[in-house]
1. With (1) exposed (fewer than 12 other Cβ atoms within 10 Å of the Cβ); (2) outside any helix (DSSP H, G or I) as the list, and residue 3 as the residue in question, which single condition is left unmet?
2. When residues of segment 80-109 are filtered for being in contact with a helix residue (DSSP H, G or I) (Cβ under 9 Å, 6 or more places away or on another chain) and farther than 17 Å from residue 21 by Cβ, how many remain?
3. Out of (1) part of a loop (DSSP other than H, G, I, E, B); (2) loosely packed, with under 14 Cβ neighbours inside 10 Å, what's the single condition that is false for residue 134?
4. Restricting to segment 27-84, what's the tally of residues that are loosely packed, with under 15 Cβ neighbours inside 10 Å, touching a residue at least 40 places away in the same chain (Cβ under 8 Å) and farther than 24 Å from residue 141 by Cβ?
5. Counting only residues that are surrounded by 13 or more Cβ atoms within 10 Å (Cβ to Cβ) and closer than 15 Å to residue 48 by Cα, how many does segment 102-114 have?
């Protein structure tokens with residue numbers, strides 16, 4: 001059963017690796033600032049600061065990783081279509097990577113910003129994966 005989800009597992013690896021990279025970038029960018037205090041971001045910082053953007057990118061991923069990984073795990077456990085599951089996980093993983101890259105390179109207060117579209121794409125893939133889980137569970141319950 002698990003071999004059918006190999007591509008889904010690789011997508012999960014990319015999601016987790018992305019989160020770890022973001023944590024390191026945020027930590028090192030903040031620590032490199034003069035007078036840096038562990039655990040405290042200067043409240044005056046905004047999108048013009050890479051320290052702010054790297055920390056927001058990491059925080060945004062933390063906000064999204066629980067439902068992403070929860071849906072991925074549930075999908076595999078309930079036996080959703082492996083190809084559809086992998087495709088949705090990869091959409092999430094790639095959208096989060098593009099979101100990260102855009103957040104790192106574009107300093108904008110504009111809303112929506114280009115990164116917002118990739119946030120939305122990842123969220124829609126996550127919702128679709130949850131719906132796939134619900135449909136699979138409902139179908140199995142009726143059988």
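1. (2)
2. The total comes to 15.
3. Unmet for residue 134, out of (1) part of a loop (DSSP other than H, G, I, E, B); (2) loosely packed, with under 14 Cβ neighbours inside 10 Å: (1).
4. Counting residues in segment 27-84 that are loosely packed, with under 15 Cβ neighbours inside 10 Å, touching a residue at least 40 places away in the same chain (Cβ under 8 Å) and farther than 24 Å from residue 141 by Cβ gives 3.
5. Matching residues across segment 102-114 total 7.
Every number in this text was worked out from the coordinates using simple rules, so none of it is lab data. What you see is a predicted model; the values in this text were computed from it and never measured. All Cβ positions, even for glycine, are placed from backbone atoms using ideal geometry, and neighbour counts span all protein chains on display.
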